[in-house]
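For reference, the structure is listed below as structure tokens.
The values are calculated or read from the model by the stated rules, or taken from the named source; none is laboratory data. For clarity, every value in this text was computed on a predicted model and none was experimentally measured. Heads up, the Cβs are rebuilt from the backbone with ideal geometry, glycines too, and the neighbour counts pull from every protein chain shown. Just the protein is used for accessible areas: all its heavy atoms, side chains included, with ligands, DNA and RNA removed. Shrake-Rupley method; radii C 1.70, N 1.55, O 1.52, S 1.80 Å.
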Amino acid sequence: MPIQSKHPETLAVHAGFRDAPGTHSVAVPIHQTTSYQFESTEHAANLFALKELGNIYSRIMNPTCDALEQRVAALEGGAAALALASGQSASTYCVLNLCEAGDNFVTSTDLYGGTWNLFANTLRQMGIEARFVDPSDPEAFRRAVDDRTRLFYAETLPNPKLNVFPIAEVAAIGRELGIPLVVDNTAAPVICKPLEMGAAIVMYSATKYMGGHGTSIGGIVVDGGNFDWEAWGDRFPTLNRPDHSYHGAVWTEAVKPLGPIAFIIRMRVILLRDIGAALSPFNAFQLIQGVETLPLRMRQHCENAMLAARFLRDHPKVSTVIHPSLQDGEARRRADSAFKDGFGALVGFELEGGAEAGRRFIEALEMFYHVANIGDARSLAIHPATTTHSQLGPEDQLASGVSPGYVRLSIGIEHPDDIIADLSQALEKV
Ligand SMILES: *Cc1c(COP(=O)(O)O)cnc(C)c1O
């Protein structure tokens, strides 16, 4: 039996797996297999009919992925989870699980660039409309809703402004209207628990902090099991209408014996079956190694980031520092209510000298890696004006919150003295 605990440090090491049947292996084995032998024709029939849960084919389920799913569901306080090939497939599936052509969803404007492109272009080409609203006004979500609105979508701690999303406020508006809030919590695992604040679904790019080693791309979606899809039957045809691709199953009915997991079961047996963004067992194994130290690493990431933010705030060549620990007013109130034990490890700052100063700073860094990633155990830096935002004109860059002298840091778990020493020597060369 898996160990029960309310503490993330314990769950990260024990939840979802104790030892392997047969071998008693303590580490989660890598089940590098495509298929699983049925015990009998009756067993096979029961598995296909969902009368019994069990392994059929690794596109749809795998024991190594299952251990990761159970562990992350336990950490998140959710009912069940689904591991996927990337964070991008996780956000795509969250929308496709509820929206069909002609439907819409309301999303915060403050999004990861990949998610923005997916919503503004690719999903639009499929006939699904993303309605972008300003997250500083939670009521904007209510105003954008109509009969074909299927979900709200937001990121807990979006780049580059790092204003914490009003999760509790927008989730409450959604619950009045029968609309689930999906939260991308990639930048704030452990320190933020969106399901406790009223969100229905949480998703991650597991590529980032969850793995932490920077070796493996992956994504995961957690079903809170806390949203009544049946009570709002007309809003969720994909979950409440007979599914002809699965012998007429109505998902909210069919999964009742298994628990309140209609959303995640449908994502697995329909979207993963048909589109197939499956996480490989090897990457699931790698991500499990990361998750085991996630609570410990987050503590060090957050502490180091706070020290780096303070150092930058007091530096004469830095005009502005962006980190939730340095915010005040409404932004700080939201950060305090959403976060436990830290403010995240992303730190933005602006250099007095504009784009040229940004370039010189990045070139001068010795320990920080210059990469388009976040959440690695190593400290990372990027100058968006010359990379991720270089395709935007100067006005769009400013609108996105990225000025020419803006630098983004993802603070790692090295000793804080070494982090600050590298920032300090690079600032001297600006
Ligand atoms: C990286 C990232 C994604 C995309 O995840 P991949 O694993 O790279 O596909 C989505 N959301 C956020 C906030 C991210 O940082």
Residue count for region 76-90, restricted to those that are among the hydroxyl-bearing types (Ser, Thr, Tyr) and either touching a Phe, Trp or Tyr at 6+ places or on another chain (Cβ under 8 Å) or away from the ligand (no atom under 15 Å from the Cβ) (or both): 0
Count of residues meeting criterion [farther than 20 Å from Glu176 by Cβ and open to solvent by 30 Å² or more (accessible area, probe 1.4 Å)] in region 231-245: 4
Any hit, region 296-312, residues being more than 25 Å from the chain's Cα centre (by Cα), aromatic (Phe, Trp, Tyr) and modelled with pLDDT of 95 or more: yes
Residues satisfying the stated conditions in region 110-127, i.e. within 11 Å of the ligand (Cβ to nearest atom) and open to solvent by less than 10 Å² (accessible area, probe 1.4 Å): Thr115
The lone exception for Val255 - which of (1) open to solvent by 10 Å² or more (accessible area, probe 1.4 Å); (2) away from the ligand (no atom under 16 Å from the Cβ) it fails: (1)
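Residues that are in contact (Cβ under 8 Å) with a residue 40 or more places away in the chain and touching a Pro at 6+ places or on another chain (Cβ under 9 Å): find the helices (runs of 4 or more DSSP H) completely inside region 292-406 holding 2 or more of those.
294-313, 329-338, 354-364
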Unmet criterion (only one of (1) crowded, with 20+ Cβ neighbours inside 10 Å; (2) of a type in the set (S, T, N, Q); (3) in the same structural domain as Asn185 (by TED's automatic domain parsing)) for Ser280: (1)
Matching entry among Arg71, Arg124, Arg143 (being closer than 25 Å to Ser216 by Cα, among the basic types (Lys, Arg) and either touching a strand residue (DSSP E or B) at 6+ places or on another chain (Cβ under 8 Å) or assigned by TED's automatic domain parsing to the domain that holds Asp234 (or both)): Arg71
Entirely in region 120-223, the strands (runs of 3 or more DSSP E) that have 2 or more residues that are within 13 Å of the chain's Cα centre (by Cα): 149-155, 181-184, 201-205, 219-223
Yes/no for Leu271 being among the aliphatic types (A, V, I, L, M), modelled with pLDDT of 95 or more, out of contact with any Gly (no Cβ under 7 Å at 6 or more places or on another chain) and in the same structural domain as Val202 (by TED's automatic domain parsing): yes
Residue check for Val13: outside the structural domain of Met203 (by TED's automatic domain parsing) and either in contact (Cβ under 8 Å) with a residue 40 or more places away in the chain or within 16 Å of the ligand (Cβ to nearest atom) (or both): no
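What about Val250, is it more than 16 Å from the ligand (Cβ to nearest atom), of a type in the set (Val, Ile, Thr), open to solvent by less than 20 Å² (accessible area, probe 1.4 Å) and on the phi < 0 side of the Ramachandran plot?
Criteria not met by Val250.
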Helices (runs of 4 or more DSSP H) wholly inside region 35-109 that include at least 1 residues being out of contact with any helix residue (DSSP H, G or I) (no Cβ under 9 Å at 6 or more places or on another chain) and open to solvent by 20 Å² or more (accessible area, probe 1.4 Å): 41-48, 63-76
Sole exception among (1) exposed (fewer than 14 other Cβ atoms within 10 Å of the Cβ); (2) of a type outside the set (D, E, K, R); (3) more than 28 Å from Leu151 (Cα to Cα) for Pro8, by number: (1)
Options Ile220, Ile167; residue that is at pLDDT 95 or above, touching a Phe, Trp or Tyr at 6+ places or on another chain (Cβ under 7 Å) and of a type outside the set (S, T, N, Q): Ile220
Qualifying residue in region 160-169 (condition: in contact (Cβ under 8 Å) with a residue 40 or more places away in the chain, in contact with a strand residue (DSSP E or B) (Cβ under 6 Å, 6 or more places away or on another chain) and surrounded by fewer than 23 Cβ atoms within 10 Å (Cβ to Cβ)): yes
